[in-house]
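This report concerns only the one structure given below.
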Amino acid sequence: MAKLTDISREDFSRLSLEAKRPYLERCEGDGLPYHTLFAQQFDRGILERLCTLANRIRFINKSREGALYLKTVLAHKRAMLYFSQPSSRTFLSHLAACQILGMTTGSVRDAATSSEFKGESHEDSIRTFSSYFDMIIMRSPEQGLAERMAWELSNSSRPIPILNAGSGKDQHPTQALLDIYTLVRSFETKGGLDGRTVTFCGDLMRGRTVRSLSYLLTNFRDVKQIFVAPQELQVPADVVMILAKKGIDFEVTDDLKSAVKVSDAVYMTRIQDEWDSSKGASARIDTSKFKFGAEELSLLKKDGALLHPLPRRDEIATCCDRDPRAMYWRQMRNGMWIRAALIAATFGLEKPIMDCGY
Ligand code: CP
C-alpha cells in the first residue's frame, strides 16, 4: 500500500492529484479516504457509497433510539475544527455532523487567538492539535496547506486524519460532496444525474467549489458543463484542461439566459472579492448579466434545480427562494448528512452503520 511515510513531502507534492490518491486511502484498494484533501479522491463508486451512507444516517437519526445509537458510534473520538478563514455553513455543518456521531469537538476560528499569533508554524500548531484530538477539520486561505499538514501528521508520532474544509482558491472537496449529494437527490426520481447539463455561473476563476464540483461531475456519464462568467472571472485553465483530457462536453459563454434554457441544474456563485489583488478590483467588473432572478427562473426547466454553495449576495434574487427548484437551503442541510457520512467512513464505520438494526 502507498504510504505517506514512504515518500518525501517534496516528492509527494510533485505528484498529480490522481497519483496522490492511493497515499490518502484508509485501506488499500478500499477507495475511501483517510485524509480528505481534494475532489480527485472520489470516483463514482465512492460517491455512491457516501450518498447511501448519508441517506442511512439521516434515516436512523429520525427516531430517538436511532439518534441515540448514532451518538455512541464515535463517542470515544474528538475532532478539532481549525478554521482560520470565515465560515458559517462549513463550520457549523461539520460541528453538527460530529455531534450526530457523538464526537466531542474543540475549535480555533481565528489564528489570532492561537499561538500562531506568537509565530508558531502551521506544522507545530497541527502537531499540537493532534496531541488532543483524533481528527482535524481545517479551513485555510493558504492553497495546499491541508495537503502539507496531512503529510506532516502521517509522518508524526500521532497520525490522525485531516479533512479539508476549504483550502485557498484551489479545493473545497466536502462542499462538492454535498453538491453532488444534492444533485443526486434532486434527480433520483427523475432518471438520475447521468446525461444532464449543469451550468456554473459567477466567479468561476476564484470559486474553489466550482473546481471541486466540476471534477466530481466528470464521474457521471455524459454530463455537459456550461461555464457562464465575465471574461475576467471565467473558469480557470486547469479545470478546462481536465475536462478536455477526459473528453467531457463543455461550453464557455457569457450568456446566462441561453444556458439556463438548456440546463437541468444551475449552480450560482458569488463574486469572491476577498481574493482581489487590489481593493475594489471586482467592483470594476460588470456582473449585471450574471444574476439569477424571476426571468431566469421562468426559463429553467420544470424539473430543474437551482443551487448555490452560499453565502450569496445578490446573484440569486430572494424571489426565487420559495420555488421548489431552489435547492440551496436543502443543499446546506445535505452538507451535515454527507459530512457525517464522510467522518463515519473515515473511522471505518460504513459497514456497522449500514448493517445496524435501526
Ligand atoms: N459554502 C461555504 O463554504 O459556506 P461557508 O463559507 O459559510 O462555510
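The values are calculated or read from the model by the stated rules, or taken from the named source; none is laboratory data. Remember, it's a predicted structure, so these values are computed and weren't measured experimentally. Cβ atoms come from the backbone with ideal geometry, glycine included; neighbour counts cover every protein chain shown. Heads up: the accessible areas ignore ligands, DNA and RNA and are worked out on the full protein's heavy atoms, side chains in. Shrake-Rupley method; radii C 1.70, N 1.55, O 1.52, S 1.80 Å.
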Given a 1.4 Å probe, the accessible area of the stretch 196-334 per residue, as a whole number of Å², is 46
Expected sort for 71-82, 313-324, 122-133 on mean C-beta neighbours within 10 Å, highest first, is 71-82, 122-133, 313-324
In nm, the gap between the two label points placed 7 Å beyond Cα toward Cβ at Ser107 and Tyr132 is 1.5
Output for the stretch 8-67: trypsin sites (Lys or Arg not before Pro) sitting in coil per DSSP, at most 11 other Cβ within 10 Å, listed by number, reads Lys62
Expressed in µm² per second, the diffusion coefficient of the stretch 175-331 from the Stokes-Einstein equation, with Rh the Kirkwood radius over alpha carbon pairs, at 37 °C and 0.692 mPa s, is 211
Among the stretch 306-327, those whose backbone N falls under 17 Å of a label point 7 Å along Cα→Cβ from Ile285 are 309-316
Karplus-derived 3J(HN,Hα) from phi for the stretch 140-150 (6.51 cos²θ - 1.76 cosθ + 1.60, θ = phi - 60°), whole Hz, x at Gly and Pro, runs 8, x, 8, 4, x, 5, 4, 5, 4, 5, 4
Toy charge model, Lys and Arg Cβ at +1, Asp and Glu Cβ at -1: the stretch 175-331 dipole around Cα centroid in debye, rounded to 20, equals 300
Net charge (Lys, Arg +1; Asp, Glu -1) of residues whose beta-carbon lies under 14 Å from that of His122, His122 excluded, is -2
The chain, Kirkwood Rh and Cα Rg, ratio Rg/Rh at 0.96
In nm, the gap between the two label points placed 7 Å beyond Cα toward Cβ at Asp321 and Ser16 is 4.5
Per GNM of the chain with C-alpha springs under 10 angstrom, the most fluctuating residue out of Ala229, Ala326, Ala244 is Ala244
So the number of lysine pairs in the stretch 175-331 with alpha-carbon atoms under 19 angstrom apart, 8 or more residues apart or on different chains, is 19
The chain, Gaussian network, Cα under 10 Å: of Gly119, Gly348, Gly166, the residue fluctuating most is Gly119
For the chain, the dipole about the Cα centre with charges only on Cβ (Lys and Arg +1, Asp and Glu -1), to the nearest 20 debye, works out at 980
Of every hundred units of 1.4 Å-probe accessible area on the stretch 175-331, the number belonging to carbon and sulfur atoms, as a percent, is 51
FRET efficiency for Ser157 and Phe59 from the Cβ-Cβ distance with R0 = 45 Å, rounded to 0.05, comes out at 0.70
